[in-house]
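To start, the structure itself, in structure tokens.
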Amino acid sequence: MALNSTTPSPLVGPPSLQWIDEITRNAKTEQQNALAQILAQNADTKYLKGFNLNGAMDKETFRSKVPLVTYDDIQPLIRRVADGDTSPILCAEPISLFIVSSGTSGEPKLISSTKQVLDRNMLLSGLPDVVMDMHVKGLDKGKRLSFLSMKTDRKTQGGITVRNVCSSMYKSDAFKKPSPNAHISPNEAIYCEDSFQSMYVQLLCGLYEREQVYRIELTFASGLVRVIKFLQLNWQQLAQDIRTGSLNTNVTDPSIRECMARLMRPDPELADYIGMECAKDDWEGIVTRLWPNTKCLSTIVTGTMAQYIPTLDYYSGKLPIASLLYGSSECVFGINLNPMCKPSEVSYTLMPNEVYFEFLPYKLALECP
């Protein structure tokens, strides 16, 4: 269910830090307001009408009448929407997209979303950059080497698009707008659904601009490890492409080839350097050897991703790892306000204005199976 958030726009500079401070200091009020907005906006939905709230918007009435549910409980309603029912079943605003969950906490699920929710999540995704610029001086002077990829969209029986949360952000208008420390990867490579071609070209562009890379990022730590393994398998061909200024014939996507024809140039000296470093048996610190100005890695290393920390430390020469965001397919939960802390010390500050949270008491949670 969507709500009209108080999230500011655009999220740049000190006002955003002030906004974070204000809403987290007044978390109780923000949560009460979030619940009231959700209930008011969606009072006429089939779901809420079934609980006879009669216009009530307070926490006590909500908790006494609206039960805690699992995804399985509301799946029949989601299926109706997916099959083409356009009546206000779950939310008043039209459902424009289904976000398919990653499956990290169970089987993949269809999460209903609206334009309002997508726009707000895109704005919130910029907050960690504001925090990073405060903690890492000069980060905004360079570029980020972000390894981004798309999954193929599909349609439900009712014609609603289904895609993962990352693809929904990358295909937004806000993502396509240029920024001072823009991604090195060209859009043509990001939007290519062939994983080999996309990864290959993003690495190639990153090597060409190795001196400008100040941050290397990918959503999950496991993905960054895969990038390094990919480099181990393909560095010789990458170096050859840089030496000759011509693109690997295995990259066949027409839009990528057209884009790279404008960007590529012969650089034998750079090719020699890449070959010299990658040919060494020891790949410890390979990240900083190839991208010497990198100040940090930006990737999620909490939860199940913690197992990849030693591997990233080895290949990066123990660069700081910033685990910036705590989110899900439903929403952005919170951000790490101390991004340069040790991975074992990461904590996230919840954004109390975005959704209404209900927590089990700590003792009860320990007793639950």
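Just to verify a result, which residue in region 134-173, among those that are aliphatic (A, V, I, L, M) and outside any loop (DSSP other than H, G, I, E, B), is nearest to TYR208 (Cα to Cα)? Once the filter is applied, the top-ranked residue is LEU145. Scanning region 287-307 for residues that are among the aliphatic types (A, V, I, L, M) and either surrounded by fewer than 16 Cβ atoms within 10 Å (Cβ to Cβ) or assigned to a helix (DSSP H, G or I) (or both) gives VAL287, LEU290, MET305, ALA306. Each residue in region 49-84 was checked for being assigned to a loop (DSSP other than H, G, I, E, B) and touching a helix residue (DSSP H, G or I) at 6+ places or on another chain (Cβ under 9 Å), and 10 pass.
Given the criteria of a type in the set (D, E, K, R) and more than 28 Å from the chain's Cα centre (by Cα), does ASP253 qualify? Lay out the reasoning, then the answer.
On the way: of a type in the set (D, E, K, R): yes; more than 28 Å from the chain's Cα centre (by Cα): no.
No: the conditions fail for ASP253.
Considering each of CYS259, CYS192, CYS205, CYS278 in turn, give the residue that is more than 20 Å from LYS143 (Cα to Cα) and modelled with pLDDT of 95 or more.
Going through CYS259, CYS192, CYS205, CYS278 in turn, just one is more than 20 Å from LYS143 (Cα to Cα) and modelled with pLDDT of 95 or more: CYS278.
Among the residues of region 76-85, those identified as in contact (Cβ under 8 Å) with a residue 12 or more places away in the chain and of a type outside the set (A, V, I, L, M, F, W, C) are ASP83, GLY84, ASP85.
Scanning region 316-325 for residues that are crowded, with 17+ Cβ neighbours inside 10 Å and either of a type in the set (Val, Ile, Thr) or free of Cβ contacts under 8 Å to residues at least 24 places away in the same chain (or both) yields a count of 1.
One residue is enough: does region 337-357 have a residue meeting the conditions surrounded by fewer than 15 Cβ atoms within 10 Å (Cβ to Cβ) and among the hydroxyl-bearing types (Ser, Thr, Tyr)? Within region 337-357 (the criterion being surrounded by fewer than 15 Cβ atoms within 10 Å (Cβ to Cβ) and among the hydroxyl-bearing types (Ser, Thr, Tyr)), the answer is yes, since at least one residue qualifies. For region 63-117, filtered to residues that are among the small types (Gly, Ala, Ser) and buried (at least 18 other Cβ atoms within 10 Å of the Cβ), the residue that is modelled with the lowest pLDDT is SER101.
Rundown of residues vs (1) outside any loop (DSSP other than H, G, I, E, B); (2) in contact (Cβ under 8 Å) with a residue 40 or more places away in the chain; (3) under 18 Å from PHE220 (Cβ atoms), yes/no style:
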| site | (1), (2), (3) |
| --- | --- |
| ILE309 | yes, yes, yes |
| TYR314 | yes, no, yes |
| SER329 | no, yes, yes |
| PHE333 | yes, no, yes |
| ASN338 | no, yes, no |
| GLU354 | no, yes, no |
| GLU358 | no, yes, no |
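Scan region 194-237 residue by residue and report those that are farther than 30 Å from GLY303 by Cβ and in contact with a Lys or Arg (Cβ under 7 Å, 6 or more places away or on another chain). Once the filter is applied, which keeps residues that are farther than 30 Å from GLY303 by Cβ and in contact with a Lys or Arg (Cβ under 7 Å, 6 or more places away or on another chain), region 194-237 yields GLU209, GLN212.
Within the option set GLU258, GLU284, GLU277, being part of a helix (DSSP H, G or I) and either without any contact (Cβ under 8 Å) to a residue 60 or more places away in the chain or buried (at least 16 other Cβ atoms within 10 Å of the Cβ) (or both) holds for one residue only, GLU277.
Write out, first by first residue and then by second, each pair whose Cβ atoms fall under 9 Å of each other, whose residues are 6+ apart or on separate chains, and whose first residue, in region 49-68, is without any contact (Cβ under 8 Å) to a residue 24 or more places away in the chain and among the small types (Gly, Ala, Ser) while the second is surrounded by 13 or more Cβ atoms within 10 Å (Cβ to Cβ) and not in a helix (DSSP H, G or I). That search, which allows pairs on different chains as well, returns GLY55/ALA43.
So which residues in region 136-168 are within 18 Å of the chain's Cα centre (by Cα) and under 30 Å from LEU290 (Cα atoms)? Before the answer, list the steps.
Let us first name the residues in region 136-168 that are within 18 Å of the chain's Cα centre (by Cα), namely 143-153, 162-168.
Within region 136-168, LYS143, ARG144, LEU145, SER146, PHE147, LEU148, SER149, MET150, LYS151, CYS166, SER167 qualify.
The values are calculated or read from the model by the stated rules, or taken from the named source; none is laboratory data. Note that the structure is predicted; figures quoted are calculated from it, not measured. A quick note on method: Cβ atoms are made from the backbone with ideal geometry, for glycine too, and the neighbour counts reach across all protein chains shown.
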